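K.L.:
Sharing a structure, written as structure tokens. Questions coming.
The values are calculated or read from the model by the stated rules, or taken from the named source; none is laboratory data. Quantities reported herein were computed from a predicted structural model and do not represent experimental measurements. Positions of Cβ are generated from backbone atoms using ideal geometry, with glycine treated the same way; all protein chains shown enter the neighbour counts. In case anyone asks, the SASA skips ligands and DNA or RNA and just uses the protein heavy atoms, side chains included. Shrake-Rupley method; radii C 1.70, N 1.55, O 1.52, S 1.80 Å.
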Amino acid sequence: NAGVTQTPKFQVLKTGQSMTLQCAQDMNHEYMSWYRQDPGMGLRLIHYSVGAGITDQGEVPNGYNVSRSTTEDFPLRLLSAAPSQTSVYFCASSTLRGWRIEAFFGQGTRLTVV
Amino acid sequence: GDSVTQMEGPVTLSEEAFLTINCTYTATGYPSLFWYVQYPGEGLQLLLKATKADDKGSNKGFEATYRKETTSFHLEKGSVQVSDSAVYFCALYSGGGADGLTFGKGTHLIIQP
């Protein structure tokens, strides 16, 4: 059972470059999210999806795009990378049971923008 | 809006010491509460959870009790080990949809032999 798979683990970009962080889950969860983790800030929600074809913005969406064409995949796109996007990114896959949530996280992607 | 406040780190303890990491929250509705742990170089793992008042979550010797009257969910362990060194995040979920968990800023725990 792979759970949540994120790729790549590490990435260095130049300012202005674009890239896509991949996230895949094999648990048939409807809900997926992207967070960024910065020192002293904890985890902050970037974008989330409540199902295939449906996405919405979180707390810090600027500079990021997402899409959800399938239940399994939820890629995060940086169209024009900026040094402020240097961070560790986590993808989460969640299932809801009433008001209860079970969230599973990927291993993280450490991104450096120079 | 929802928020989680947890004690700032790093917290440095000797092996076999008693651990408490404080966590308090503000939330709309009736949130579920979680502790996640992040070991060096790894992603977040769910450590324990509680979904209603007075519930006690427990795992790997860690415990936390959902205290609605004090809006707290403090993490405790009676005797820590070097392998417990990690960053611990308190989190809550209070939405009816999947608009994400609200996390505290994390507490870096260092256990010295």
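K.L.:
Could you work out, residue by residue across A:35-44, how many beta carbons of other chains sit within 10 Å of that residue's beta carbon, and then give the average as an integer?
P.N.:
On the way: counts 4, 0, 7, 1, 3, 3, 3, 11, 12, 3.
Shielding by partners across A:35-44 averages 5.
K.L.:
On a 1.4 Å probe surface of the protein chains, which of A:MET41, A:MET19 comes out largest in accessible area, and what is the full order? Could the numbers behind the result be given before it?
P.N.:
Values: A:MET41 85, A:MET19 25 Å².
Descending order: A:MET41, A:MET19.
K.L.:
Also, I was wondering about something else. Within 10 Å of each Cβ in B:49-61, how many Cβ atoms from other chains are there, averaged over the peptide? Before the final figure, lay out the partial values.
P.N.:
Working: counts 4, 0, 5, 2, 0, 0, 0, 0, 0, 0, 0, 0, 0.
Average neighbour count from other chains, rounded to a whole number: 1.
K.L.:
Take A:ARG110 and A:SER69, extend 7 Å from each Cα along the Cα→Cβ direction, and tell me the distance between the two endpoints in nm.
P.N.:
Between A:ARG110 and A:SER69, the simple spin-label model gives 3.2 nm.
K.L.:
Mind checking which lysines have their Cα closer than 21 Å to the Cα of B:LYS56? Skip sequence neighbours fewer than 8 apart in that chain.
P.N.:
B:LYS68, B:LYS77
K.L.:
Please list, in order along segment B:74-89, the HN-Hα scalar couplings obtained from phi with the Karplus expression 6.51 cos²θ - 1.76 cosθ + 1.60 (θ = phi - 60°), rounded to whole Hz, x for Gly and Pro.
P.N.:
6, 8, 9, 8, x, 8, 7, 10, 4, 5, 7, 4, 5, 9, 10, 10
K.L.:
Additional query: Compute the relative contact order of chain A as a whole-number percentage, counting only Cα pairs closer than 8 Å that sit 6 or more residues apart in sequence. List each step's numbers first, then the result.
P.N.:
Working: 297 pairs, mean separation 39.7, N = 114.
35 percent.
K.L.:
Pull out a ≥ b ≥ c, the square roots of the eigenvalues of the alpha-carbon gyration tensor of chain B, then state rounded if a/c is under 1.5, prolate if not and a/b is larger than b/c, and oblate in the remaining case.
P.N.:
Details: a/c = 2.04, a/b = 1.66, b/c = 1.23.
It is prolate, given that a/c is not under 1.5 and a/b is the larger ratio.
K.L.:
What does the accessible area of B:HIS108 come to, in Å² to the nearest 10, when a probe of 1.4 Å is used?
P.N.:
Solvent-accessible area, nearest 10 Å²: 90 Å².
K.L.:
Using Cα springs under 10 Å in a Gaussian network model of chain A, which residue among A:GLY53, A:GLY63, A:GLY42 shows the largest mean-square fluctuation?
P.N.:
A:GLY42
K.L.:
In the protein assembly as shown, what % of DSSP beta bridges are antiparallel (nearest 5)? Walk me through the numbers on the way to the answer.
P.N.:
Numbers: 71 of 79 bridges.
The answer is about 90 percent antiparallel.
K.L.:
Given Cα pairs under 8 Å that are at least 6 residues apart, what percent is the relative contact order of segment B:44-113?
P.N.:
Working: 99 pairs, mean separation 14.9, N = 70.
About 21 percent, as a whole number.
K.L.:
Report the extension gain between B:ILE110 and B:THR70 in nm, rounded to one decimal, defined as 0.36 nm multiplied by the number of residues separating them, less their alpha carbon distance.
P.N.:
Extra length available between B:ILE110 and B:THR70 comes to 11.7 nm.
K.L.:
May I ask for the net charge around A:SER67, where only other residues with Cβ less than 11 Å from the Cβ of A:SER67 are counted and Lys, Arg are +1 while Asp, Glu are -1?
P.N.:
Details: positive: A:ARG68, A:ARG77; negative: A:ASP73.
Within the 11 Å Cβ shell, the charges total +1.
K.L.:
Just to confirm my numbers, what's the Cα centroid distance between segment B:1-80 and segment A:1-50 in Å?
P.N.:
Result: 24 Å between the Cα centres.
K.L.:
Here's a follow-up. I'd like the accessible area for B:ASP2: 1.4 Å probe, protein heavy atoms, all chains in place, Å² to the nearest 10.
P.N.:
Approximately 50 Å² of B:ASP2 is accessible to the 1.4 Å probe.
K.L.:
For chain A, what proportion of DSSP beta bridges, expressed in % and rounded to the nearest 5, is antiparallel?
P.N.:
Working: 37 of 41 bridges.
So the antiparallel bridges in chain A amount to around 90 percent.
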